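A short worksheet on the structure shown next.
The values are calculated or read from the model by the stated rules, or taken from the named source; none is laboratory data. Nothing here was measured: the structure is a model prediction, and the numbers come from that model. Note that each Cβ is placed from the backbone with ideal geometry, even for glycine, and that neighbours are counted across all protein chains shown.
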Amino acid sequence: MIKTKRVYEKRAKGDGMRVLVDRLWPRGILKKDAGIDEWLREIAPSDKLRKWFGHDPKKWEGFKRKYIKELEGNTDLKKKL
């Protein structure tokens, strides 16, 4: 099962493996304190896509389609698998 959680939330007993998928390290959190097991910045949405989306809920469906397309063409992701 995959669960999502904000990186700013503390690690909980039942979290399991914690993976951060983001191009940028979150502000105000030291890597040693983050409770992250792996940081997969190479599979996060591109900067261009993030800026286009701009956290606009009306763009969510388009964001999902574009991100899936990015993932399908992502050679770094294919190397990880």
Note on the stretch 11-48: residues under 10 Å from the mean Cα position of the chain (by Cα) and among the small types (G, A, S) are A44
Just to be sure I understand the filter: pairs with C-beta atoms under 8 Å, separated by 6 or more residues or on different chains, first member in the stretch 15-27 and among the acidic types (D, E), second member in a loop (DSSP other than H, G, I, E, B). Which pairs pass?
D15/K3; D15/K5; D15/G35; D22/V7; D22/A44
Those residues that are within 17 Å of A12 (Cα to Cα) and among the small types (G, A, S), I need them from the stretch 23-49; list them, please.
A34, G35
Here the residues within the stretch 1-22 that are of a type in the set (A, V, I, L, M, F, W, C) and part of a loop (DSSP other than H, G, I, E, B) are M1, I2, V7, A12, M17, V21
Please give the number of the condition D22 fails out of (1) outside the structural domain of I2 (by TED's automatic domain parsing); (2) under 13 Å from R6 (Cα atoms).
(1)
Among the candidates K58, K51, K66, residue that is modelled with pLDDT of 95 or more, surrounded by 14 or more Cβ atoms within 10 Å (Cβ to Cβ) and not assigned by TED's automatic domain parsing to the domain that holds R11
K66
